[in-house]
Amino acid sequence: MSRMTGNTHTPKARRRADLWLTHLVVGVWMLTASSLSSGAWQEKPPARDVHSLKAALVLSFCGYTIWPETSFSTQETKEARDPLIIGVWKDDRLARALKELTKKGKQIAIRTRRIDPGNTVKPTTTPRPVRVLVLEELPRPDEIHVLLIGADRRRDLDQIERLYGARPILTIGLAKGQAEQGSILSLYIENRRAAFEACRKHERRAGLELQSGLLRNARIIDCSKR
């Protein structure tokens, strides 16, 4: 994926993409909170609710991440923008939920900038369509922007860190503790609520920036010993 230069979007389109994502996450959270308060999740939350919630949060995480400007093409136009590509490794139900949320050309606002120490240039925000890939094997690093790692794939985390750890790919484990073992984030359900962890060391190694709106709600993991 080659370097992106210039703004190929309009403020109106950017606001639409931001608002759609905000309304999506708020709506799913309200649905979940309603289910919790009414006692609908007495033992275990329904799989459909869980995967819809996780899908909305994954998209929210993407919106709160700043990618290097080199992550997207230099040849973009307003009519033809690179999509944000999300690869799903061994969680088909989450992949279906993501496809459902992003169908009909829905776009999310993705932020990029040249990431250098001390760089304070305001990120460029571009509305992008989302492409969801159900992975049969781990892809090349230049084929995805986000990798979701199934809850039962802990044994793959060392390989995933070797393949993608130094590349600008947002890796999200789908079980508690995966951020400590190699991913940047981990997303899981605990006590009938969604929770997530972040490893700043893995974030910095990947050359990404997680924004404060995400980090202030995360449990920050000490993964300095890895």
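A short reminder: the numbers here are calculations on the coordinates, not readings from a lab. What you are looking at is a predicted structure, and each value in this text was computed from that prediction instead of being measured. Ideal geometry is used to build each Cβ from the backbone, glycine not excepted, and the neighbour counts take in all protein chains shown.
Observations on the model:
- Sites matching GluC sites (Glu not before Pro) across region 90-174 that sit in DSSP coil, with at most 16 neighbouring C-beta atoms within 10 Å: E136, E137
- Spatially, region 151-204 and region 79-114 are offset by 18 Å when compared through their Cα centroids.
- Separation of the alpha carbons by more than 25 angstrom is noted, of K54/K176; K176/K201; K99/K201, for K99/K201.
- Under the combined filter of DSSP loop state and at most 15 neighbouring Cβ atoms within 10 Å, region 152-204 retains these trypsin sites (Lys or Arg not before Pro): R192.
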